[in-house]
Amino acid sequence: MAKPVEQLEQVIIRFAGDSGDGMQLTGGRFTSETALLGNDLSTLPDFPAEIRAPAGSLPGVSGFQIHFSDHDILTPGDAPNVLVAMNPAALRTNLKDLPRGGTLIVDTDAFTERNLKKAGYSTNPLEDGTLDDYQVHEVPLTSLTLEELKEVEVTKREAERSKNMFALGLMSWLYTRPT
């Protein structure tokens with residue numbers, strides 16, 4: 001089955017996760033491929049508010065935004081069209097910027113009771129209707145990454161830390177970038 005292709009004038013993507021999830025690396029790689037394809041672009045790395053903030057906490061969220069187009073652009077953009085949220089804290093700190101109808105990609109593996117509580121959620125936003133106004137794509141990024149790396153000699157922790165590259169591959173595929 002072929003992927004439907006839609007021509008877009010411009011796109012703003014924000015990758016968001018914990019400090020240490022590799023969001024700057026992910027955004028940087030996507031940026032490099034976008035530049036090589038000849039698109040104009042502007043980026044905005046967003047470093048966490050606290051150094052060494054506890055994993056899954058709101059002050060520890062890190063991000064990278066890229067605005068790209070086939071014509072001149074001058075800013076990294078105000079609001080993303082696509083938000084890739086690696087965990088509940090990333091969702092909570094960035095959802096306010098995603099316009100209604102925007103695309104939301106979440107790592108469902110990270111939406112555990114413990115992580116939801118650390119992010120200040122009393123219920124799971126994936127289940128309580130909070131995200132009904134968005135185009136939500138629930139992707140088990142961590143599980144899929146672990147499955148793909150099961151034959152590779154790496155520790156489970158090292159494999160889990162590669163989920164950002166899985167997200168990069170997904171976004172590269174979605175926006176026809178080289179993988």
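With a Cα-only, solvent-free Debye model of the range 110-179, what are the log10 I(q)/I(0) values at q = 0.12, 0.14, 0.25 Å⁻¹? Each listed q maps to, in turn, -0.45, -0.59, -1.10.
The residue list Ala85, Val136, Leu74 was ranked by how far each Cα lies along the charge dipole of the chain toward its positive end, using unit charges on Cβ atoms, and Ala85 comes out on top. Taking the chain as the region of interest, the number of lysine pairs whose Cα atoms are within less than 25 Å, with members eight or more places apart or on different chains, is 9. Distance between the pseudo-spin-label points of Glu113 and Ala55 (7 Å out from Cα toward the beta carbon): 1.9 nm. Each Lys and Arg contributes +1 and each Asp and Glu -1, all at the Cβ; summed about the Cα centre of the range 1-52, the dipole is approximately 120 debye.
With the convex hull of its Cα atoms as the shape, the chain has an orientation-averaged projected area of 11.0 nm². With the chain treated as a Gaussian network of Cα nodes joined by springs under 10 Å, which of Ala119, Ala53, Ala79 yields the largest mean-square fluctuation? The residue with the greatest mean-square fluctuation here is Ala53. Counting Lys and Arg as +1 and Asp and Glu as -1 over every other residue whose Cβ lies under 10 Å from the Cβ of Ser172, the net charge comes to +1.
Pull out a ≥ b ≥ c, the square roots of the eigenvalues of the alpha-carbon gyration tensor of the range 1-100, then state rounded if a/c is under 1.5, prolate if not and a/b is larger than b/c, and oblate in the remaining case. Cα axes put the range 1-100 in the prolate bin. Evaluating kT/(6 pi eta Rh) at 25 °C and 0.890 mPa s, with the Kirkwood radius of the range 78-145 over Cα pairs in the Stokes-Einstein relation, gives 205 µm² s⁻¹.
Model label points for Trp173 and Val154, set 7 angstrom from Cα along the Cα-to-Cβ axis, are 1.7 nm apart. Each Lys and Arg contributes +1 and each Asp and Glu -1, all at the Cβ; summed about the Cα centre of the range 71-179, the dipole is approximately 320 debye. Working note: 222 nm ellipticity from helices only, DSSP H runs with n ≥ 4, each -39,500 (n - 2.57), summed and divided by the residues of the chain, gives -8000 deg cm²/dmol to the nearest 500. Summarising the strand pairing of the chain, around 55 percent of its internal DSSP beta bridges are antiparallel. Within the accessible surface of the chain, defined with a 1.4 Å probe on protein heavy atoms only, the carbon and sulfur portion equals 51 percent.
In the range 57-179, Cα pairs under 8 Å separated by at least six residues give a relative contact order of 20 percent. Under conditions of 4 °C and 1.567 mPa s, the range 46-119 yields 97 µm² s⁻¹ as its translational diffusion coefficient, taking Rh as the Kirkwood radius over Cα pairs in the Stokes-Einstein equation.
The values are calculated or read from the model by the stated rules, or taken from the named source; none is laboratory data. As the structure is a prediction and not an experimental result, all values here were calculated from the model. Note that we place each Cβ from the backbone using ideal geometry, even for glycine, and neighbour counts take in every protein chain shown. For the accessible areas, the whole protein counts, side chains as well, though only heavy atoms, and no ligand, DNA or RNA atoms are used. Shrake-Rupley method; radii C 1.70, N 1.55, O 1.52, S 1.80 Å.
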